[in-house]
Amino acid sequence: MSSVTVSAPAKINLSLGVGPVRSDGFHALATVYQAVGLHDEVTARDADEVSVRVRAGSRLDVADVPTDDTNIAVRAALLLAEHHRVQRGVELTIDKTIPVAGGMAGGSADGAAALLACAGLWRLDTSVEELVELAAELGSDVPFALVGGTAIGSGRGEVVTPLMTRGEYWWVVVESERGLSTPAVYREFDALHAGSALGVPQLPDELMAALRGHDVAELGAALSNDLQAAALRLRPELATVLELGRLESAHGALVSGSGPSCLFLCEGRSHAVLVATGLSARGVGPVSYAPGPVHGARVTARTED
Ligand code: ATP
């Protein structure tokens, strides 16, 4: 049986500027994305019907990941099939490493991976541009999961402009036992800003300068997330996690996207190991560390009949 396996990365937002609600109901965003070395894998195999199963190690709770056609990987396969008038099924297997509802766009990574895996399995004549367009229909963060690296996101996040940055960064990631619903965090954000007019979201100059200069301390000081206050209102205990990371000498600490995962910028790999070990010893967790930027979704294995 033929199969194609694709690996797709988690994303973090080095800055996340949230603007007013647009006429389509989405908030206008100005963000700097970075793909980090935590990956989900999607394998697409020939089948008559479309199906999905989700696997993960004991660390991850995947009970909330749907296995019907609301799973974003299934939506991706159906969208691609419709677009190319393909009348074939596919058996999708998702091997998850990215926390579920963790603010790291795990579902989006699965959608991007499924698009690429099905395009490979069905030997479709597609371009990256076409896949990016389809990705935007699936969700705001899906195009970035295809592109990877470090990039500016505008619109509702789906308009991705790659940034040519030097240098490698290391991040410590502290996950939470329970995920946070992205819509709930946006509702809290709206409640916090009720009555005040939100301006057009901007990219912070200091962040862009720190990226250009590859200055880790400056970057750490310039990290920002407009959703952080809302996430902290819903999970006050995350403030302690952020504080502990700073005490453990991280250069910067912030909530990832809509949370609840927390991110800590480190000097390099050995510093990340040190900070991760310190945080684990303080009982927060699960803790991992990962480099960024890494590439977007990529085929990692292929078998033929
Ligand atoms: P984002 O940062 O993009 O808002 P997130 O990382 O907080 O997303 P996800 O893990 O992408 O959250 O998933 C959010 C919800 O989407 C899950 O709770 C689940 O109900 C649904 N979902 C659908 N397909 C998937 C999938 N393949 N993997 C994970 N969740 C999925």
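Check whether at least one residue in the range 215-229 is open to solvent by 30 Å² or more (accessible area, probe 1.4 Å), assigned to a helix (DSSP H, G or I) and either of a type outside the set (Gly, Ala, Ser) or touching a residue at least 60 places away in the same chain (Cβ under 8 Å) (or both), and report yes or no.
Looking only at the range 215-229, we keep the residues that are open to solvent by 30 Å² or more (accessible area, probe 1.4 Å), and these are 215, 217-218, 221, 224, 226, 228-229.
This time we only want the ones that are assigned to a helix (DSSP H, G or I), so: 217-218, 221, 228-229.
Imposing the further condition that a residue be either of a type outside the set (Gly, Ala, Ser) or touching a residue at least 60 places away in the same chain (Cβ under 8 Å) (or both) reduces the set to 218, 228.
Yes, some residue in the range 215-229 is open to solvent by 30 Å² or more (accessible area, probe 1.4 Å), assigned to a helix (DSSP H, G or I) and either of a type outside the set (Gly, Ala, Ser) or touching a residue at least 60 places away in the same chain (Cβ under 8 Å) (or both).
Among the helices (runs of 4 or more DSSP H) contained in the range 121-203, which hold 2 or more residues that are surrounded by fewer than 20 Cβ atoms within 10 Å (Cβ to Cβ)? Write out each step before concluding.
On the way: elements: 128-138, 142-147, 182-192.
Per the criteria, 128-138, 182-192.
Look through 80, 29, 116 and report the one residue that is in contact (Cβ under 8 Å) with a residue 12 or more places away in the chain and out of contact with any strand residue (DSSP E or B) (no Cβ under 9 Å at 6 or more places or on another chain). It would help to see each step written out before you state the result.
Numbers: 29 fails: out of contact with any strand residue (DSSP E or B) (no Cβ under 9 Å at 6 or more places or on another chain); 116 fails: out of contact with any strand residue (DSSP E or B) (no Cβ under 9 Å at 6 or more places or on another chain).
So the residue among 80, 29, 116 that is in contact (Cβ under 8 Å) with a residue 12 or more places away in the chain and out of contact with any strand residue (DSSP E or B) (no Cβ under 9 Å at 6 or more places or on another chain) is 80.
So in the range 92-101, with the set limited to residues that are modelled with pLDDT of 95 or more and open to solvent by less than 20 Å² (accessible area, probe 1.4 Å), which one is farthest from the ligand (Cβ to nearest atom)?
First, the residues of the range 92-101 that are modelled with pLDDT of 95 or more: 92-98.
Filter again for open to solvent by less than 20 Å² (accessible area, probe 1.4 Å), leaving 92-94, 96, 98.
Values: 92: 9, 93: 11, 94: 6, 96: 7, 98: 7 Å.
Applying the filter and picking the extreme gives 93.
If you check residue 263 against the conditions, is it open to solvent by less than 10 Å² (accessible area, probe 1.4 Å) and within 16 Å of the ligand (Cβ to nearest atom)? Walk me through it before giving the result.
Details: open to solvent by less than 10 Å² (accessible area, probe 1.4 Å): yes; within 16 Å of the ligand (Cβ to nearest atom): yes.
The answer is yes for residue 263.
Please specify each residue of the range 19-40 satisfying the condition of being open to solvent by 10 Å² or more (accessible area, probe 1.4 Å) and either of a type in the set (Val, Ile, Thr) or in contact with a helix residue (DSSP H, G or I) (Cβ under 7 Å, 6 or more places away or on another chain) (or both).
21, 27, listed by residue number.
Looking at 54, 65, which one is within 17 Å of residue 101 (Cβ to Cβ), open to solvent by 20 Å² or more (accessible area, probe 1.4 Å), in a strand (DSSP E or B) and not charged (D, E, K, R)?
54
Being more than 6 Å from the ligand (Cβ to nearest atom) and closer than 19 Å to residue 156 by Cα is the filter here; which residues of the range 102-125 pass it? Show your work before the answer.
From the range 102-125, those more than 6 Å from the ligand (Cβ to nearest atom) are 109, 111-125; that's our starting set.
Matches in the range 102-125: 109, 111, 112.
Since residue 231 meets every condition but one in (1) within 19 Å of the chain's Cα centre (by Cα); (2) aliphatic (A, V, I, L, M); (3) away from the ligand (no atom under 16 Å from the Cβ), which condition does it not meet?
(3)
Of all residues being touching a helix residue (DSSP H, G or I) at 6+ places or on another chain (Cβ under 7 Å) and more than 10 Å from the ligand (Cβ to nearest atom) in the range 70-84, which is most open to solvent (accessible area, probe 1.4 Å)? Just the residue, please. Steps first, answer last, please.
Filtering the range 70-84 for residues touching a helix residue (DSSP H, G or I) at 6+ places or on another chain (Cβ under 7 Å) gives 72-73, 75-77, 79-80, 83.
Add one more test, that the residue is more than 10 Å from the ligand (Cβ to nearest atom), and what stays is 77, 79-80, 83.
Details: 77: 2, 79: 31, 80: 0, 83: 104 Å².
The residue in question is 83.
Return the total of residues in the range 252-305 being part of a strand (DSSP E or B) and free of Cβ contacts under 8 Å to residues at least 60 places away in the same chain.
So in the range 252-305, the residues part of a strand (DSSP E or B) come out as 252-255, 262-266, 287-292, 295, 298-303.
In the following step, the residues that additionally are free of Cβ contacts under 8 Å to residues at least 60 places away in the same chain were identified as 252-254.
Final tally of qualifying residues: 3.
Being modelled with pLDDT under 95 and more than 23 Å from the chain's Cα centre (by Cα) is the filter here, so list the residues in the range 201-218 that pass it.
Once the filter is applied, which keeps residues that are modelled with pLDDT under 95 and more than 23 Å from the chain's Cα centre (by Cα), the range 201-218 yields 213, 215.
Given the criterion hydroxyl-bearing (Ser, Thr, Tyr) and farther than 16 Å from residue 105 by Cα, identify the matching residue among 150, 165, 182. Give the derivation first.
Values: 150 fails: farther than 16 Å from residue 105 by Cα; 182 fails: farther than 16 Å from residue 105 by Cα.
Every option except 165 fails the conditions.
The values are calculated or read from the model by the stated rules, or taken from the named source; none is laboratory data. Because the structure is predicted, anything quoted here is derived from the model rather than measured. When we count neighbours, we look across all protein chains shown, and the Cβ atoms used for this are built from the backbone with ideal geometry, even at glycine. The area values use the complete protein model at the heavy-atom level, side chains included, leaving out ligands, DNA and RNA. Shrake-Rupley method; radii C 1.70, N 1.55, O 1.52, S 1.80 Å.
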